[in-house]
Structure formats: C-alpha cells, structure tokens
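The block underneath contains the structure these notes are about, expressed in structure tokens.
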Amino acid sequence: MNEALAEAARAIRAADSVVALTGAGVSTASGIPDFRSEGGLWEKHDPQNFHYSRFRADPEGFWRDRLAMFEDIYAGGDIAPNAAHEAFAALESAGHLSALITQNIDGLHRAAGSGDVVELHGTGAEVVCMDCGEHDGADSAWETVKAGNTPPRCDSCEGVLKPAVVLFGQSMPQAELHRAQSLASNSDVFIVAGSSLSVEPAASLPRTAARNGATTICVNLEETGFDADYTFTADVTDVLPRLVRAVRKP
Ligand code: ZN
C-alpha cells in the first residue's frame, strides 16, 4: 500500500484541481451511525416520520421525533471531527484541495476547518424558515425543541423552522448539484472517501471525473464497485492522514 499511497500523493501534488467526495464512512469514526446499514438508525426510527410531507403536515411531531433520533445518535457522547475530517482540512490549507463535496449533513467538515464544502444534502447545523427563507444556526432551535416548544419558529417572521437538510421527498439543491458536477468534470484528481457510491448523484461524480481525465483515488472500508486508479480498501481515519502527510512531505 505504501507505494500506491506515494503515487497517489504525487498525483495530488502535481494537480491543479483536487476535489474530494465524502460519505457516511467519514462520519462513522466520529460515532455517527450509518443510517442505511444493518442495525442502522432506520431500523429503530421510521424513515416515514422524517419525510417532507410529514414535516408539512405535522412539524410539531416531526421535531419531536427528530429530537428522539438525535438523542440516540448523541447518546455515546459529544460528536467531534475525526482524523479523516482533519486530513481534508489540512489538505485544503496546504493548497492541495480545491473543494470538498459531501453527502453528510453533520457539519463535521466545517467544524474541522474545511472552507469550501459543497453540502449535497444540506446541513443539520442550520435551520431554514419555511416562510422567509432565512437561514440560522440550529442551536437555538434545538434548545426550543428540548424545552418542549415545538415547532421552533423564525425570529424574524414567526414562520416554522425546518432543519436545513434535504428531507425524503425533497429534491436536491440544484446549485449544489451543478457545482458538484462542474467540480468533478474539471478536476485533475478526484478523491472518494467513505462512500459506497451506491446512491446518486454521488455514484456518478467519480465516473464523470474519470471520463474527463482525472486520476481517481478511492478510500473505503468496503469495495465500492468503482474502478479507481488507486483503491485503498481500508479505514479512512488511517489512510487519509497518511496520504496527506505524504503530500505535504514528499
Ligand atoms: Zn422567517
């Protein structure tokens, strides 16, 4: 693996544009369960309760159920960025990462210090007002919900607040999607980390990059079915810090 890692690091150093795509596997090391996996959250909490139509019909119940689910997620203690998040932040600050595209909604890439993050499914760190569209940090909404005052409401207009994430039944934000596709097409190196590449549009992005001549690097605990130039079937918190060290200290 060391020689492949050194070669992948050389490709990153030589590239003008390096773009990364991350999925649930980057967050599991921080204690956030993969929703779709066996024993995952969707076996304990009914996905139908988190559908957009349910939010529209019953925002009070939606927020109560979301609180119950988050109490499950955070039962293990505080959730903080891990070595994989930190590796991407370090790669960006070293000038070797143009942008990071993520399927995750936990806000951990920004918390680790990544600046240019394209959040394909939005972010749970913010809420959005259904009436005026204003975005705000999610902390005060959560305080309100924990105090039993649901749904939380907008400071400016009293409209109902929704987590700024893409719920089931909602379409993906087009601006983010187009930016992700454009970043993939124009990248020289495209890194996939912690994504099984089983859902769109994530599945297409590395293929778009490869078709346009990018060198592709894939780090995931399981095989993905994507034939990358460099594949590391291993833990992201192990491989990514080593890769970034190799980029910075040739
Ligand atoms: Zn409002």
Would you kindly compute the Cα radius of gyration of region 45-95 and its largest Cα-Cα separation (Dmax), both in Å?
16.8, 47
Set of lysines near Lys162 by C-alpha distance (under 28 Å), chain-local residues within fewer than 8 positions excluded:
Lys44, Lys146
Along the charge dipole of region 48-197, pointing to its positive end and built from +1/-1 on Cβ of Lys, Arg, Asp and Glu, which listed residue (Cys132, Ser93, Gly115) has its Cα farthest out?
Cys132
Treating every alpha carbon of the chain as one equal point scatterer without solvent, the Debye formula yields log10 I(q)/I(0) values at q = 0.11, 0.14, 0.17, 0.18 Å⁻¹ of -0.60, -0.93, -1.26, -1.37
Protection proxy (average C-beta count within 10 Å per residue), highest first, orders 19-28, 214-223 as 19-28, 214-223
Please name which of Ile73, Asn212, Pro151 has its Cα lying farthest along the dipole of the chain towards the positive end, using unit charges on Cβ (Lys, Arg +1; Asp, Glu -1) and the Cα centre as origin.
Asn212
Hey, if we sort Asp106, Asp155 by accessible area with the 1.4 Å probe, largest down, what's the order?
Asp155, Asp106
Rg over Rh [alpha-carbon atoms, Kirkwood Rh] for region 1-86
1.16
About the Cα centre of region 69-178, how large is the charge dipole given +1 on each Lys and Arg Cβ and -1 on each Asp and Glu Cβ? Please answer in debye to the nearest 20.
180
Taking placed amide H atoms and a strict 5 Å upper bound, the residues 5 or more places from Gln170 or on another chain that come that close are Tyr52
Three semi-axes of the equivalent ellipsoid, region 138-250, Cα gyration tensor, whole Å, largest first:
37, 19, 14
Regarding region 67-169, what whole-number volume in Å³ per residue does the convex hull of its Cα atoms give?
118
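Quick one: dipole size for the chain, taken about the Cα centre, charges +1 on Lys/Arg Cβ and -1 on Asp/Glu Cβ, in debye to the nearest 20.
500
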Surrounding net charge for Arg179, when Lys and Arg each add one and Asp and Glu each subtract one, Cβ distance under 11 Å
-3
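The values are calculated or read from the model by the stated rules, or taken from the named source; none is laboratory data. Treat the numbers as computed from the prediction; the structure is a model and nothing was measured. Glycine also receives a Cβ, built like all others from the backbone with ideal geometry; neighbour counts cover every protein chain displayed. When the accessible area is computed, the model is the full protein with side chains, heavy atoms only, and any ligands, DNA or RNA have been set aside. Shrake-Rupley method; radii C 1.70, N 1.55, O 1.52, S 1.80 Å.
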